[in-house]
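The values are calculated or read from the model by the stated rules, or taken from the named source; none is laboratory data. Remember, predicted model here, so these are calculated numbers, not experimental data. Heads up, the Cβs are rebuilt from the backbone with ideal geometry, glycines too, and the neighbour counts pull from every protein chain shown.
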Amino acid sequence: MPAKISYYTLLFINEDSSKLGNGVSGTYSEKIAKYVKCCSSLNKSLVLNGQTKLKVITNNSDLIKKIDSELECIEIKFATNVDPSIPFASAHCKLDVFNYFSTLSEKDYSILLDSDVLCINSEAKILKRFSSGLPVIYDITDQQFQGCGTERVCKDKELIVRKSFNDENFISSGIWAGGEFIGGSASFYKALYSACKKILPVYISNHEKLFHNGDEMIVSCALEYLIQKKKIFVFDAGISGLIGRYYDSSTNHVQHIWKYFKTNMFVHLPMDKDFLSSEKIDFSDCEKMICSLETELQNKKTFIEATVRADRVLQKLIKAFYKIRAFIKKMTGHGNAPVEY
């Protein structure tokens, strides 16, 4: 049974400078350095909270070591070939990481994180439950439904899965996961990689029709296929308090206020790579790390003027709705007695 939890991130060094720099500014060499320093920040936050050191899976450990000699690097062979014209082409190398994880001991539990993630709290209680090898993903289906529409997400996934597995009867529920957080044992990653490998050529030949290009489309399709057809149970890292994705900018979905994310073990900050790679974070202790992070977030006007106000209004409306519903139930006598079948 798996007992050893290891944390990994993928940093594929793309030699094509025009395809590098999602969310980071500067020259090619500056962008590379920032990505490496994001890995450094994630590593420091893990150690600060009593976790094992981060392992960086890459194709160029020498370059990474020149920027931060303290990072532990693992070079693997990347065999996934995606046309550079497809958005986020290098991100598809995540499939090769799954393949690598599948070769490890069944006693290893591998968690793959994006580099723009921070560990902001010590080990979440639920994490101890994964010693049995229970796969875990971060489900953000609600965000995709709000941003892209339920029908579009489901139809695109059905197109890919039906063609990949010759299953014309497959109906998608729209599950969207596998982005910034995914964990499991070798056997889980073996099944996941096998499904992703079948999906890849279908995804490539149909990518122009899809609402999203990137590894998340492939992984989400593979996960839903495994859940539906192979009956593999996966746990949601979001509802368990393991991780949350926080944008300090306007979003296409309703987002919780920052306070909601503070209790998570990890927080994903996709819009803050420049900050995460800077020297502004104080890693001397956990409280100072959180303080420096919040100072950065508070300095951004969108955080103060848009997200917070909108979310507070929404949460007040939701709270009022549940109070009214509870009052109506009480007045009508519903919900007081146990249901009999």
Anything in the stretch 275-291 that is buried (at least 19 other Cβ atoms within 10 Å of the Cβ) and either in contact (Cβ under 8 Å) with a residue 40 or more places away in the chain or part of a loop (DSSP other than H, G, I, E, B) (or both)? List them, or say none. 276, 277, 281, 289
Could we say that residue 187 is part of a loop (DSSP other than H, G, I, E, B), in contact (Cβ under 8 Å) with a residue 40 or more places away in the chain and surrounded by fewer than 16 Cβ atoms within 10 Å (Cβ to Cβ) here? no
If you go through the stretch 221-229 one residue at a time, do you hit one that is small (Gly, Ala, Ser), assigned by TED's automatic domain parsing to the domain that holds residue 153 and without any contact (Cβ under 8 Å) to a residue 60 or more places away in the chain? yes
Residues in the stretch 194-209: is at least one modelled with pLDDT of 90 or more, crowded, with 23+ Cβ neighbours inside 10 Å and either among the small types (Gly, Ala, Ser) or within 18 Å of residue 10 (Cα to Cα) (or both)? yes
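Which of the helices (runs of 4 or more DSSP H) found entirely inside the stretch 45-153 contain at least 2 residues meeting this: within 15 Å of the chain's Cα centre (by Cα) and surrounded by fewer than 20 Cβ atoms within 10 Å (Cβ to Cβ)?
Of the helices (runs of 4 or more DSSP H) lying wholly inside the stretch 45-153, those with at least 2 residues that are within 15 Å of the chain's Cα centre (by Cα) and surrounded by fewer than 20 Cβ atoms within 10 Å (Cβ to Cβ) span 141-148.
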Going by the structure shown, is residue 204 farther than 30 Å from residue 119 by Cβ and either outside any loop (DSSP other than H, G, I, E, B) or among the aromatic types (Phe, Trp, Tyr) (or both)? yes
Kindly check whether there is at least one residue in the stretch 166-183 that is assigned by TED's automatic domain parsing to the domain that holds residue 133, small (Gly, Ala, Ser) and in a helix (DSSP H, G or I). no
Can you tell me which residue in the stretch 221-256 is surrounded by the most Cβ atoms within 10 Å (Cβ to Cβ), limited to those that are in contact with a strand residue (DSSP E or B) (Cβ under 9 Å, 6 or more places away or on another chain) and outside any loop (DSSP other than H, G, I, E, B)? 243
